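The values are calculated or read from the model by the stated rules, or taken from the named source; none is laboratory data. All of these numbers come straight from a predicted model, not from anything done at the bench. Glycine gets a Cβ as well: all are built from the backbone with ideal geometry, and neighbour counts include every protein chain shown. When the accessible area is computed, the model is the full protein with side chains, heavy atoms only, and any ligands, DNA or RNA have been set aside. Shrake-Rupley method; radii C 1.70, N 1.55, O 1.52, S 1.80 Å.
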Amino acid sequence: MITLAVLAIVCFIRSLPSLVANSGESGQSRFDFAARLEWMTYDARVRWALRFPRSHATNLLGAVFIGDKDLREMNDGSYGYRVKFPWPRYFYGRVVNELAAQGAKAVALDILFDEIDLGAEVKTPIGKSVLSDPYFADELRSAGNVVLATHPMGEIFPAAVFETNALAVGNVYTKVDADGILRQAKAFVEYRKWHPAIRRMARALEWDFRRLRIETNRIVCPRTDGKSEDFISLRTDGSLKFDQEGELVVNQMEASNASQATDSAASKAQKPYEEVRVWQLGIVLAARQLGLDLDQPIIQDDRIVLRAPGGIERIIPVDKAGFFYVDWAIKLNDPERLAYASAVRLIRQSEAREEGQSGFEPKFRGRLVVVGSIGTGGNVSDRGATPLENETVLISKHWNVANSVLTGRFISRASSGVELGLILLFGLISAVLTWNLRVILTSVSVLVIAILYVGSAFGIYLQDRYWLPIFLPVAGGLLLPHVSLITYRVIFEERERRRVRAVFSRIVAPDIVNELLNAEKLSLGGARRDLTVLFADVRGFTEFTDVTQANAEEFIRQRGLRGKEAENHYDEQAREVLNTVSLYLGVVADTVKKHQGTLDKYIGDCVMAFWGAPAPNDAHAVYCVRAAIEAQRAIYAINQQRFADNKRREQENIQRAASSVGLLPMFPLLSVGCGINTGKMTVGLMGSNADILNYTVFGREVNLASRLQGVAGRGVIIISEATFAEIRRHDPVLAATLLERPPVQVKGIRQPVKVFEVPWKQDTGSPRPSQPGAPPRAA
């Protein structure tokens, strides 16, 4: 049992990241201790595998860096320029020009070019003036192989003049795990790309892109500055409407559109947005090399299949959010796997070529080149942690992703089912060994199994890039059950047996046994919790006992019973009374347990129960009221059956009276009145450690529930305003059926108490159950 409990806890801990992942995009949106330790074992495998280099994209990858030295040279004028970062686009055009001259296969710029200034000029060292942005756009078009960075999650896209001249765009969105380490990349992002005119207007008017919504003939544009919403007019076909100056029609009513917003003749129908899929920058680079068709992928829940002519196929394993683990195989400054150069060097070579110089080494011929910053300044730094290094440049993810696609080597992580299976298997092995072998021998055996498994996990990762879990199978499956069982056997076994026997001899309610057993010592310490308490009192019991007593006395008088015979008859009548009230109270108690309530105690002919402890239950008020409804219906069914039985007895008694035979007594029909209240109550074990009395609740709110029970009629359920509020929050449908009643004055509370009645049956035409032989009346 100890092993099963430990394994259940471990399996629950394993399930927590999966539950949390449903609310996060990357599959691990919140920090989790077990997940962090597993990540550490994965990072160790990544670093270890780097010592045994396997196949990599030899002579296919390159990088051009903008480093601190480049920034200083461009800033201090030593190269003939005095420009600060971000540089004018002219210089990126020079980099593209030189890479094209060297014969690069494709170039990815990990720099965002979302703004444009067509009039900005740059003067070269020879005194030539160049329009910066037009020059950059021309070089993009001339090269024909440049991939521009975009950040859809931040609504940052290349300016139209750049995007239209580039080969493609690539997503550079990065999301680190909860421990701050970048392990994954998102294969692609699908987003709504708004028209450039809308994006320009959004920046000018501070619109919230994520809240833009399309309505009939217009787009509603909420603002981030708190001002009233703007709207963009649309044509009847849903396309954008421009005025005579070619500007968007914004905040003009339809009546004025006809006269003031006539579209120019030259304009064509332009949709306000298009649905776009943008692939990760490294995937776009590799697809260029392999000819992969990114327009027609096969997307499944756990994989993405990309195909190219000639039977080339790449299968990328992804999670439900579209993330995949990067195979970190190439570090920064790795000349054997990555050709690299500084940006300033390429700028100089490009300008030198233009002046007629030649003989430069074609270092990047046929390569896929990533251009980005490795500087440490505030506005140029793009650094962070990866499994390989605690701090490195994050543009490295692009060439590592490209490398994975080129080589067809991806990280596959074991499923949750595999991990849970390993935990259970190792838990079983640990339990069998620990229970049957001596302590030292079993400890050595468990340690050897753990070492062999960890070594196998490292070897499998090196060979197949398959991520077998280590932490929970070893720590939770092997070690924790082993330590728990050893501790149980050596120290706590006898004490636990005595404690369990003592608890079970005093505590009989099964719904609180688990909480009591979880405590190492039973104490009096209580807790203040939001609970709902029920008092259900049997109505008609006093009248029933009085009638029974009178009937018994009359019977003894008529028969002349004395002494032992009279006592026996009184005892028989007492048993009948007890059986009757137990029948009704038992129905209430069974219903309480069925609806996850805690049966507190019996107070005479009254049942006291509560919800919300020991097991927390946010909807405790709903559970309580539904239990009361079911109890009333069950009692109603009992009374219906007893009513039918009484009818049969009446007919039989007619015959018995004619034969001078004793008459059969009628079955009494009782009802229950319920009072329910919700609020802060003290709950805990009441009594002493030596003699525990009860697991109970007390406080003002408990007293109010008891008072409400006192004002409830026969077959009536009365609840407080606090209970009604909880029901309305958790079950509006049930709340809609409740009936508000006039406030009542109860003992101990000065102001009248607002109450509600809970209908439980529609039929109200039957006579009251207090009438002898009559069926119960439904409230």
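Structure values in brief
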{"read-out": "Sequence ranges 159-172, 397-410, ranked by mean other-Cβ count within 10 angstrom, highest first", "value": "397-410, 159-172"}
{"read-out": "Assigned charges on the beta-carbon of Lys, Arg, Asp, Glu; the chain dipole about Cα centre (debye)", "value": "1380"}
{"read-out": "Lys, Arg +1 and Asp, Glu -1 on Cβ, resulting dipole of segment 552-619 about Cα centre, debye, nearest 20", "value": "80"}
{"read-out": "Cα-based Rg and Dmax for segment 590-667, where Dmax is the largest Cα-Cα distance (Å)", "value": "19.6, 62"}
{"read-out": "Tilt relative to the chain, helix 541-559 - C-alpha long axis, 0 to 90 degrees, to 10", "value": "30"}
{"read-out": "The chain: projected area of the alpha-carbon convex hull, averaged over directions, in nm²", "value": "55.0"}
{"read-out": "Environment charge of Ala185, counting only residues whose C-beta is closer than 11 Å and scoring Lys/Arg +1, Asp/Glu -1", "value": "+3"}
{"read-out": "3J(HN,Hα) from dihedral phi, segment 346-352, Karplus parametrisation 6.51/-1.76/1.60, rounded to Hz, x for glycine, proline", "value": "5, 4, 5, 5, 5, 5, 5"}
{"read-out": "Under Karplus coefficients 6.51, -1.76 and 1.60, residue-wise ³J(HN,Hα) of segment 704-714 in Hz, glycine/proline x", "value": "5, 4, 5, 5, 5, 4, x, 8, 6, x, 5"}
{"read-out": "Packing-based ranking, highest mean first, of 118-124, 482-488 given that Cβ atoms within 10 Å are counted", "value": "482-488, 118-124"}
{"read-out": "By average C-beta atoms within 10 angstrom, highest first, the peptides 465-475, 447-457", "value": "465-475, 447-457"}
{"read-out": "Of Asn639, Pro616, Gln709, farthest towards positive along the dipole that unit charges on Lys, Arg, Asp, Glu beta carbons give segment 598-740", "value": "Asn639"}
{"read-out": "DSSP bridge pairs, segment 109-185: antiparallel proportion in percent, nearest 5", "value": "45"}
{"read-out": "Unit charges at the beta carbon, dipole of segment 298-385: most positive-side option, Ile374, Phe323, Phe360", "value": "Phe360"}
{"read-out": "Shape category assigned to segment 332-404 from the gyration tensor of Cα positions, a/c cut at 1.5", "value": "oblate"}
{"read-out": "Solvent exposure of segment 563-663 as accessible area per residue, Å², 1.4 Å probe", "value": "51"}
{"read-out": "Portion, in percent, of the accessible area of the chain that falls on carbon or sulfur, probe 1.4 Å", "value": "53"}
{"read-out": "Local electrostatic count at Ile374 - Lys and Arg +1, Asp and Glu -1, tallied over other residues with Cβ under 12 Å", "value": "-3"}
{"read-out": "Beta bridges per DSSP with both ends in the chain, % antiparallel, nearest 5", "value": "70"}
{"read-out": "Rounded tilt (10° steps) of 439-464 against the dominant C-alpha axis of the chain", "value": "40"}
{"read-out": "Per residue accessible area in Å² of segment 59-127, where ligands, DNA and RNA are left out and the probe is 1.4 Å", "value": "43"}
{"read-out": "DSSP-loop GluC sites (Glu not before Pro) across segment 293-357, with at most 10 other Cβ within 10 angstrom", "value": "Glu336, Glu355"}
{"read-out": "Rounded if a/c under 1.5, otherwise prolate or oblate - segment 604-747, Cα gyration tensor axes", "value": "prolate"}
{"read-out": "Stretchable slack from Val448 to Tyr466, in nm (0.36 nm times residue separation minus alpha-carbon distance)", "value": "4.2 nm"}
{"read-out": "The chain: relative contact order in percent, alpha carbon pairs under 8 Å with at least 6 residues between", "value": "12"}
